[in-house]
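Engineer: For reference, the structure I am asking about is given below.
Every read-out reported here was derived from the displayed coordinates using simple, explicitly stated rules and does not represent laboratory data. Just so it is clear, the model here is predicted, and its values are computed rather than measured. So basically every Cβ, Gly included, is an ideal-geometry build from the backbone, and we count neighbours across all protein chains shown.
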Amino acid sequence: MAHEVREPRLLIVGLGLIGGSLAAALRAAGAKGEILACDPDADEIARGIEMGLIDRGGTCLAALLDDVSLIVLAVPVLAMRDVLGTLAEQGVAGDPSVVITDVGSTKGAIREAAEAAFGSLPNNLVLGHPIAGSEKSGVASSDARLYMGHKVILTPSATTAPDAVARVRRLWQAAGAEVLEMEVEHHDQVLARTSHLPHLLAFSLVDTLARQDDRLEIFRYAAGGFRDFTRIAGSDPVMWRDIFTANRHAVLTALDDFEAGLACLRRAVADSDADAMLSTFDRASHARRYFDSLLNQSSYQAEYQMQEQATLRYRAGPGGEVRGRIRVPGDKSVSHRAIMLGALAEGVTEVSGFLEGEDSLATLQAFREMGVAIEGPHQGRVTIHGVGLHGLKAPSGPLYVGNAGTAMRLFAGLLAGQSFDTELTGDVSLTKRPMGRVADPLREMGAVIETAEGGRPPLKLHGGKGLKGITYDMPMASAQVKSCLLLAGLYAEGETRVREPAPTRDHTERMLGGFGYRVDREGDTCWLEGGGALTAAPIDVPSDISSATFFLVAAAITPGADLVLEHVGVNPTRIGVINILRLMGADLRLENEREVGGEPVADLRIRYALLKGIDIPVDQVPLAIDEFPALFVAAANAEGVTRLRDAAELRVKESDRLQAMADGFSILGVEHRLYEDGIDIVGQGGEGPSYGGGRVDSLGDHRIAMAFTVAALRANAPITVDDCANVATSFPGFIDLARRVGLTIEAQQEDA
Ligand code: S3P
């Protein structure tokens, strides 16, 4: 049935650059309906018509309201009061056929003006703010691409009509913008820091220099830095006067914070305090560079409550070969520990082979936030200016460690012994993981720690609590718990002893030894005495056997494969994967075995051989704990059944890895049976395809994502893996290396 649809009629009130650009964008997008404009300057209206941006307009608002369906208020913030007054007189509040929105840079003041004008906030008023602009003004400067790819923040209240919000959302999306929502107060605080403060500084710097006698000379020689920094000082003065008047409180708070930071830097310069300068500059420079990867995907998103996130999807073609000689990135466990011990040591620690993945970078950034000067990473090289065990400074906010369980648990130990309070937060996956396993024994040592429900993050650690050494019998085989307690033990009175039910990776003990800190071991127990000191020592991080695993399995299952993985760490507490693959019949050799910086290293040569299913020895489970997703893929290609038990820990990794792999196997058609603490996998054997293709979900778990990508080598159709962005936590460059040895993979950025 045909409905009579009223043509939309848009009225832009205030036809400057912002309103004009919206009209231009809508025209360019082929939007239907009339576009009208109202502006006190008749010349602006005439220009708008001449440019083809608007159909008609005038200087009197009341005369333009007939049959208008959407009103966009684009007048300066302080002029908003009068405009809202006119709209109130004309009775547009609550009219379901009209939606009103605005583009003001501050929202609290406009909400107040609307409440004053209308008596209460009308449900058809959707306050909004496009985060886009230009130092130019006037309709003549309109730019149809101004909003393209920019964010528009809407700040609806609980009483705003959802239909009205949806209308405004569609309007901005048609202009090419990305729309998100937040509360008014939050918006004003965020904008005070990210937009208003920088404008204030730019205006002030240019004005200060412009009033000096030699200003001509200064401006003549001012190069790129000055130009970049001060571009926004050319912005519209009236608009900015209004913004600073309207958002006074939030701007003053942001300015106070800035002045405190500036005072510290001033002191550092005055005292020629090179470390203080380096620490601030490094922190800032890296925060700036890693802004996209660290912040955009995580805390930034949480802060902005982004609804729509782009996710990364891999599409791995069936078949392929696995040949060549490659070096996978540095070991994640060793990289975390190198930064931690280097920061707490006395002297300068040079690290090479550092993993530039998001997890270890989160650890590095956290130390910068606690005042440690760290140079790099530059191609795996990091220089850490250690501050000693008692030299960390209180960070200014929570320490965000992203996806990194190791960072959170090891930090819990070393921060429990500090004199200041800290809070540790992480991403959605980390927030679901158990932290009681570290919080409970730390409390026994005297630490005061708050967790969220069920012992989950965030962790709030109260400083200044004297710790006492304990003897702890670990209920699970966990290197993270052991390391956490040893790090806390550095700050504790007396001895801290940890007994492990099965051997777990011993990088912490080895590296403490390398930094001159005595750690003893007898059988299944290791211990240290608090109160000593760490001395800086160079660290050469070997390639990560956990990353190498994906290629070991790729070669193990692919007929004709012959691959060498160089410089891989083969610490006996990490080689479960080598032992298990060999038991399955893999042709895997260690060549060129040597020791670097206290860790054994070798080149691993692996050639294709038929695999057979095995019962995985229980003692190998902790030694291969991160390698099971890939090993399950080996099992799916082996002849017969592979059985794993006593591996319930896999359920509390970055995802529930038993469930995630079983779900993927169900889609690919791999026969399996899931148990609470393990899985049976029925392998296909032979040399042909072992299973089908399909679309599987990695659940944001890097190792699940890489395991299913490798599985495609023996699938009969492509395997698409969703949610792969977290591969960057442990294995930046995975796709490039995989392609280099002969896999076919495409990466696609998709909207969730
Ligand atoms: C790690 C220990 C293991 C491992 C993790 C890294 C470490 O965790 O799974 O990827 O660096 O200490 P658990 O201690 O929870 O077994």
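Engineer: Hey, got the Cα dimensions of the chain along the principal axes, in Å, largest first?
Structural biologist: 87, 72, 51
Engineer: On to the next question. Could you size up the charge dipole of segment 332-540 around its Cα centre, putting +1 on the beta carbon of Lys and Arg and -1 on that of Asp and Glu, and report it in debye to the nearest 20?
Structural biologist: Values: 21 positive and 25 negative charges, 45 e Å.
Here the size comes out at about 220 debye.
Engineer: Could you list the trypsin sites (Lys or Arg not before Pro) in segment 168-221 that lie in coil according to DSSP, counting only those with at most 14 other Cβ atoms within 10 Å of their Cβ? Write out the running numbers ahead of the final one.
Structural biologist: On the way: sites: 169, 170, 193, 211, 215, 220; in loops: 211.
When the trypsin sites (Lys or Arg not before Pro) of segment 168-221 are filtered for loop state and at most 14 Cβ neighbours within 10 Å, 211 remain.
Engineer: In addition: Suppose R0 equals 56 Å. What FRET efficiency, 1/(1 + (r/R0)^6) with r the Cβ-Cβ distance, do residue 185 and residue 583 give to the nearest 0.05?
Structural biologist: Values: r = 60 Å, r/R0 = 1.08.
Given R0 = 56 Å and the Cβ-Cβ separation, E is 0.40.
Engineer: Peptides 83-94, 335-346: what's the order by average Cβ count within 10 Å, highest mean first?
Structural biologist: Working: 83-94: 17.2, 335-346: 26.7.
In descending order of packing, they fall as 335-346, 83-94.
Engineer: What net charge do the residues around residue 164 carry, taking every other residue with its C-beta under 14 Å from that of residue 164, with Lys and Arg at +1 and Asp and Glu at -1? Walk me through the numbers on the way to the answer.
Structural biologist: Values: positive: 167, 169, 170; negative: 95, 102, 163, 181.
Local net charge: -1.
Engineer: Here's something else I'd like to know. Give, rounded to the nearest 20 debye, the magnitude of the charge dipole that segment 190-272 has about its Cα centre when Lys and Arg contribute +1 at Cβ and Asp and Glu contribute -1 at Cβ. Before the final figure, lay out the partial values.
Structural biologist: Details: 10 positive and 11 negative charges, 22 e Å.
In total the dipole reaches around 100 debye.
Engineer: May I pose another question? Where does the chain land at 222 nm, in deg cm²/dmol rounded to the nearest 500, when only DSSP H runs of n ≥ 4 count, each adding -39500 (n - 2.57), divided by all residues?
Structural biologist: Details: 27 runs with 280 residues, N = 752.
Rounded to the nearest 500, it is -11000 deg cm²/dmol.
Engineer: Please work out the Cα center distance from segment 105-138 to segment 644-689, rounded to the nearest Å.
Structural biologist: 54 Å
Engineer: Here is a follow-up. Pull out the extension gain between residue 231 and residue 258, defined as 0.36 nm times the separation in residues minus the alpha carbon to alpha carbon distance; nm, one decimal.
Structural biologist: Details: separation 27, 0.36 × 27 = 9.72 nm, distance 1.97 nm.
Length gained between residue 231 and residue 258: 7.7 nm.
Engineer: About the Cα centre of segment 9-182, what is the dipole size in debye to 20, counting +1 per Lys and Arg Cβ and -1 per Asp and Glu Cβ, all else neutral? Provide the component values of the computation, followed by the final result.
Structural biologist: Values: 14 positive and 20 negative charges, 111 e Å.
Result for segment 9-182 is approximately 540 debye, rounded to the nearest 20.
Engineer: Between residue 163 and residue 27, what length comes free when the chain is fully extended (0.36 nm per residue of separation minus the Cα-Cα distance, one decimal in nm)?
Structural biologist: Gain on stretching residue 163 to residue 27: 46.6 nm.
Engineer: Further, regarding this structure: Using the basic label-point model (7 angstrom from Cα toward the beta carbon), what is the residue 271 to residue 428 distance in nanometres?
Structural biologist: 4.5 nm
Engineer: Still on this structure: In whole angstrom, note down how far apart the Cα centers of segment 1-79 and segment 404-471 are.
Structural biologist: 56 Å
Engineer: Pairs to check: 107/136; 32/136; 107/432; 151/393; 432/612; 482/612. Give those whose C-alpha atoms are more than 30 Å from each other in this structure. Walk me through the numbers before you get to the answer.
Structural biologist: Details: 107/136 23 Å; 32/136 28 Å; 107/432 35 Å; 151/393 35 Å; 432/612 36 Å; 482/612 35 Å.
The answer is 107/432; 151/393; 432/612; 482/612.
Engineer: Would you work out which of 601, 399, 480 lies farthest towards the positive end of the dipole of the chain, given +1 charges on the beta-carbon of Lys and Arg and -1 on that of Asp and Glu, about the Cα centre?
Structural biologist: 601
Engineer: What shape does segment 332-540 have by the C-alpha gyration tensor, where a ≥ b ≥ c are the square roots of the eigenvalues, rounded means a/c under 1.5, and otherwise prolate means a/b greater than b/c and oblate the rest?
Structural biologist: Values: a/c = 1.36, a/b = 1.12, b/c = 1.22.
Here segment 332-540 falls in the rounded category.
Engineer: Given 0.36 nm per residue, what is the gain on full extension from residue 346 to residue 379 after removing their alpha carbon distance, in nm?
Structural biologist: Working: separation 33, 0.36 × 33 = 11.88 nm, distance 2.44 nm.
Full-extension gain reported as 9.4 nm.
Engineer: Between beta-carbons, use under 13 Å as the cut-off and find the net charge around residue 267, counting Lys and Arg +1, Asp and Glu -1.
Structural biologist: On the way: positive: 266; negative: 259, 271, 273, 275.
With Lys, Arg at +1 and Asp, Glu at -1, the net is -3.
Engineer: If you take the charge dipole of segment 332-540 about its Cα centre, with +1 on Lys and Arg Cβ and -1 on Asp and Glu Cβ, which of 414, 489, 455 is farthest toward its positive end?
Structural biologist: In segment 332-540, that residue is 455.
Engineer: Taking the Cα centre of segment 190-272 as the origin and placing charges on Cβ (Lys, Arg +1; Asp, Glu -1), which of 198, 235, 263 is farthest toward the positive end of the dipole?
Structural biologist: Farthest towards the positive end: 235.
Engineer: Tell me the label-point distance for the pair residue 595, residue 639, using the 7 Å Cα-to-Cβ offset, in nm and rounded to one decimal.
Structural biologist: In this crude label model, residue 595 to residue 639 measures out at 4.1 nm.
Engineer: Same structure, new question: Using only the alpha-carbon atoms, how far is helix 358-369 inclined from the longest principal axis of the chain? Give it as 0 to 90 degrees, nearest 10.
Structural biologist: Once rounded, the angle reads 70 degrees.
Engineer: May I pose another question? Whole angstrom only: what separates the Cα centroid of segment 321-346 from the Cα centroid of segment 165-182?
Structural biologist: 43 Å
Engineer: When Lys and Arg each count +1 and Asp and Glu each count -1, what net charge do the other residues less than 13 Å away from residue 742, Cβ to Cβ, add up to?
Structural biologist: Computed value for this residue: +1.
Engineer: Another one. Output ³J(HN,Hα) for segment 70-79: one whole-Hz value per residue in order, computed from phi by the Karplus curve 6.51 cos²θ - 1.76 cosθ + 1.60 with θ = phi - 60°, and x for Gly and Pro.
Structural biologist: So the J values, rounded to whole Hz, are 9, 10, 10, 8, 10, 8, x, 3, 6, 7.
Engineer: Quick one: if you stick a label point 7 Å off each Cα along the C-beta vector at residue 82 and residue 112, how many nm between them?
Structural biologist: 2.0 nm
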